[in-house]
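The values are calculated or read from the model by the stated rules, or taken from the named source; none is laboratory data. Treat the numbers as computed from the prediction; the structure is a model and nothing was measured. Note that we place each Cβ from the backbone using ideal geometry, even for glycine, and neighbour counts take in every protein chain shown. Protein only, heavy atoms only, side chains kept; ligands, DNA and RNA dropped before computing areas. Shrake-Rupley method; radii C 1.70, N 1.55, O 1.52, S 1.80 Å.
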Amino acid sequence: MSTAATDLLRPEFVSRLKNMQLRARLVVEGFMVGLHKSPYHGFSVEFAEHRPYMPGDSLRNLDWKVFAKTDRFYVKQYEEETNLKSYLLLDVSNSMNFGTTEVTKFQYASYLAAALSYLMIQQRDAVGLAAYDTELRSYLPPRSVHTYLNVLLTQLEKTVPSSRTDIGKNLHAVADRITRRGLVIVLSDLLDDPDRILSGLKHFRHDGHEVLVFHILDPREIDFAYSGDVRFKDLETAEEMPTQPWHLRRAYREQIAAFIETLRRGCREDRIDYVLMNTQTSYGEALIQYLTKRKRLR
């Protein structure tokens with residue numbers, strides 16, 4: 001992947017861009033440029049306006065130029081075609097405001113949600129957005145028309161984290177709301193009761209949905225690499241605790257590893273795709289995870 005394309009996928013670069021529309025477009029464009037020079041090149045053929053020919057498709061819609069280049073039959077897709085309904089579930093609780101890099105967890109998650117929305121609508125998929133903390137704060141049902149992208153990005157732009165969180169309750173609330181089977185994508189730090197979270201995720205699977213979980217943490221939440229005297233503050237309760245981190249580092253790392261493993265194992269048992277990410281992870285890795293999931297659903 002070229003240096004320019006790599007830059008477009010770095011969270012610290014994306015955070016400096018002017019608005020959500022520009023962030024989403026440049027992340028996806030950088031990603032697509034990279035696909036042409038990567039082992040995932042096959043994904044790029046299906047991007048945007050084409051899908052593989054299926055028995056029963058009209059031969060009038062075959063794209064012979066694509067056939068000449070790939071020796072495979074692809075059908076031109078049109079605005080009204082919707083291949084998949086996807087639901088982005090964005091955690092907007094105060095814990096998502098934490099960050100020791102150039103972006104907070106919330107900024108990272110919202111920029112990723114914007115890029116996913118852009119990519120989905122380019123693929124003629126329908127995408128919706130739900131934001132939650134202790135309650136479901138907003139819900140935009142899935143749509144696939146290009147003009148809907150502005151609605152989604154505007155909602156992301158104006159959303160601000162607040163309050164505490166109740167992830168499990170809100171996963172159940174969204175599951176009760178959606179009726180047509182689709183792909184549910186959760187973007188959260190998952191800092192809540194893992195049993196309740198897994199119960200909510202299982203609700204989606206019980207209803208026939210596919211689920212992809214992006215577990216987004218700050219690097220320091222994983223390695224606890226602090227030094228000296230530090231005062232920790234809970235962003236949701238405002239409770240503070242002064243300490244010397246080296247006293248806690250070993251026990252903390254063991255607990256966070258056990259927490260992550262509980263979530264990973266629970267997801268695996270219910271055939272839920274679980275992806276652990278931190279706020280320095282290239283957005284390209286997340287988009288590959290999405291396209292891999294989508295490819296399996298077609």
TODO: Beta carbons within 10 angstrom, averaged per residue: use that to sort the peptides 270-276, 124-130, highest first.
DONE: 124-130, 270-276
- [ ] Output the peptides 195-203, 62-70 sorted from most to least packed, where packing is the average of other Cβ atoms within 10 Å over each peptide's residues.
- [x] 195-203, 62-70
Task: Rounded to the nearest 10 Å², the accessible area of R205 at probe 1.4 Å - done: 40 Å²
TODO: Mind running the shape call on region 84-191? Use the C-alpha gyration tensor, a ≥ b ≥ c as the square roots of the eigenvalues: rounded below 1.5 for a/c, prolate if a/b tops b/c, oblate otherwise.
DONE: oblate
TODO: Any of K105/K293; K65/K85; K158/K293; K85/K293; K18/K158 with alpha carbons more than 19 Å apart? Name them for me.
DONE: K105/K293; K65/K85; K158/K293
- [ ] Grab the eigenvalues of the alpha-carbon gyration tensor for region 163-208, scale each by 5, take roots, and send me the semi-axes largest first in whole angstrom.
- [x] 19, 10, 9
Open item on the list: When a/c reaches 1.5 or more, the comparison of a/b and b/c decides; with that in mind, is region 152-298 rounded, prolate or oblate per its Cα gyration tensor?
Closed with: prolate
Task: Global form of region 140-232, assessed from the alpha-carbon gyration tensor, a/c cut-off 1.5 - done: oblate
Task: Net charge contributed by nearby residues that have their C-beta within less than 13 Å of N170 (K/R +1, D/E -1) - done: -2
Task: region 89-141 - convex hull of the alpha-carbon atoms, volume per residue in Å³ - done: 57 Å³
Task: Ranked by how many other beta carbons lie within 10 Å on average, peptides 243-250, 163-170 from highest - done: 163-170, 243-250
Open item on the list: Please give the Cα centre distance for region 151-165 versus region 112-135, rounded to the nearest Å.
Closed with: 12 Å
- [ ] Rank these by accessible area, largest first, 1.4 Å probe: Y148, Y139.
- [x] Y139, Y148
Open item on the list: Looking at region 172-298 only, what percent of DSSP beta bridges run antiparallel? Nearest 5 please.
Closed with: 25 percent
